[in-house]
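Structure first, then comments.
Coordinate-derived values only; no laboratory data. Everything numeric in this text was worked out from a predicted model, so none of it was measured. Heads up, the Cβs are rebuilt from the backbone with ideal geometry, glycines too, and the neighbour counts pull from every protein chain shown.
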Amino acid sequence: MSASPLRHADLWHTGIVVDDLAAAMAALGDELGVTWHEGGAQVQLITDDSVRTVTTAYALSKEGPHHVELGQSIEGTLWTVTAPGHAHHLGYWVDDVVAASAALVDQGSRRIATIAITDEAPPMCAYHRTPNGLVVEVVSRGLRRVLLPEERA
């Protein structure tokens, strides 16, 4: 079994999937005392069963270092709303998504999906379900300046 690619120091967000992104931003922004950076993209969602193009929408808290991510639910994907009061996933920065994903599989964490901009592009992130049921997302550290624009200054 390989060493875990997940390091607590690289934990950078907790993801929550919501049915109404705008309403969640308004409610949770006030409750959590955060402001939001909005984003989204058309990406390739790659699972064991299929490759499909989906349009994502999310809000990421500007305040960190541990950010809150709200993701718009997308029917028929891994982005489904969990029970009230439950987070969807924990996100970690990694230097190499492919290697980190392989190490997680080696440890018994089932890969749920990978996300890429195009079919030919390497994955930007991968989602895994650990043996205890926790969903983790490994995200390319190279996206940090894109996803956290407030750090550009």
Next item on the list: Would you mind finding the one in 24, 9 that is small (Gly, Ala, Ser) and either in contact (Cβ under 8 Å) with a residue 12 or more places away in the chain or surrounded by 12 or more Cβ atoms within 10 Å (Cβ to Cβ) (or both)?
Entry: 24
Next item on the list: Could you grab me the full set of residues in region 125-153 that are more than 28 Å from residue 83 (Cβ to Cβ), touching a residue at least 40 places away in the same chain (Cβ under 8 Å) and in a loop (DSSP other than H, G, I, E, B)?
Entry: 148
Note to self: Please go through region 1-54 and give me each residue that is farther than 21 Å from residue 145 by Cα, part of a strand (DSSP E or B) and β-branched (Val, Ile, Thr), ordered by number.
What the structure shows: 16, 17, 18, 46, 51, 53, 54
Checklist line | Of the criteria (1) closer than 16 Å to residue 115 by Cβ; (2) free of Cβ contacts under 8 Å to residues at least 12 places away in the same chain, which one residue 75 fails | finding: (1)
Check: Within region 94-103, is even one residue within 19 Å of residue 78 (Cα to Cα) and touching an Asp or Glu at 6+ places or on another chain (Cβ under 6 Å)?
Finding: no
Notebook entry, point to check: Taking the condition acidic (Asp, Glu) and touching a Ser or Thr at 6+ places or on another chain (Cβ under 7 Å), does residue 30 pass?
Noted result: no
